[in-house]
Every structure is written in C-alpha cells, then in structure tokens.
1. Please identify the helices of the chain, taking whole runs of DSSP H, that span at least 20 Å along their own axis as judged from the Cα atoms and have a mean Kyte-Doolittle score of 0.5 or higher.
2. Just to be sure I understand: with springs between alpha-carbon atoms less than 10 Å apart, which residue in Val132, Val16, Val89 has the highest mean-square fluctuation in the Gaussian network model of the chain?
3. Treat every Asp and Glu Cβ in the chain as -1 and every Lys and Arg Cβ as +1, leave all other atoms uncharged, and give the resulting dipole magnitude about the Cα centre to the nearest 20 debye.
4. Starting from the 7 Å offset along Cα-to-Cβ, what nm value, one decimal, do you get for the label separation of Ala100 and Val69?
5. Based on the Cβ-Cβ distance from Arg27 to Ala133, what FRET efficiency comes out when R0 is 41 Å, to the nearest 0.05?
Amino acid sequence: MSAATAWSVRVGPLTVDRIDEVLEIERLSFTDPWSREMFRSELQVGGGTYARMAERDGRLLGYSLAVLVADEAHLGNLAVHPEARGIGVGQLLLDDLIAAARNRSAARVTLEVRGSNERARKFYYRNGFIDVAMRKNYYRNPVEDAIVMLRSLRGG
C-alpha cells in the first residue's frame, strides 16, 4: 500500500448506523452472510465486542468484529469491499485488532475461515497465523469445514 493510501484510510469504531453499508459488503463477500439482526446484536451488546471500520472520504471500505475475552481475541468477521481489496484495508483492520488485543494483554488471536478460502488463508498465514483445528460442517451455503487459525501474541 502506498503512503498516500495508508494516510487516506481511517480506522475507527463501527456503529449501528453503518449497518446498511456493512450488509452490502457482507453480501458481496460471503455466500452465507450475517443477517442485519446478527450485526445489530453484535454492535449493541456491551462488554467484549470489538467492532471497527475502515473508511475513506466517508465511504465504508471494510469492517471487522471480534470478541476480546480473558486472554483471547476471537475474530468473528472481517470483510473488505471488492473495489477496495488489494490496497491494505484488511491489513489495517487486522493490525488494529492485534494492537487492541495486545493492549488488553491477550495471549492469542483466533478465527475460523472456510477451507476453500485460499485468499483469506494466505492473508492470515502472512500475518503469523497457523492452522490449529478443523470444525466439521461449520459453514452453510455451501456446507463446508472451517479451519481454526491462531496467532500467538506472546513468545513460544
């Protein structure tokens, strides 16, 4: 990503008033998208939900939702609008989550990803994640296993 692009994308809190934009990106990104109520529930619940967005010039480019509990950050959803892919938006969102997890003394970040989603898996591998387990028939539409990935935030 160029310096000009990096400076023009802002990462900040994701709020419920951006749900329509989130749903558009969600539908363009996943075959089994989260519903409006799933997003609303995540954004309105207190406690450990960590919801962030990346935007440029007021346009939502991507978002992430995670739960920070005890010593773990679990990334539930990260998506970037197809027109904004390849410029580092996903990286900014992931870096933001990792920094927040470290600030809360988390030991690890975990996530699930479709086994067939090679692009996402390569992205996470480049960011220090490893495969640690498989969840059979985790996804629907189509039914597919999930690969559980983990990145340690501490040595060892």
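No lab work stands behind these numbers, since they all come straight from the coordinates. The shown structure was predicted, so the numbers you read here are calculated from the model rather than taken from an experiment. Virtual Cβ from ideal backbone geometry, glycine too; neighbours counted across all protein chains shown.
1. 89-103
2. For the chain, modelled as a Gaussian network with Cα springs under 10 Å, the answer is Val132.
3. 420 debye
4. 1.6 nm
5. In this case the efficiency is close to 0.90.
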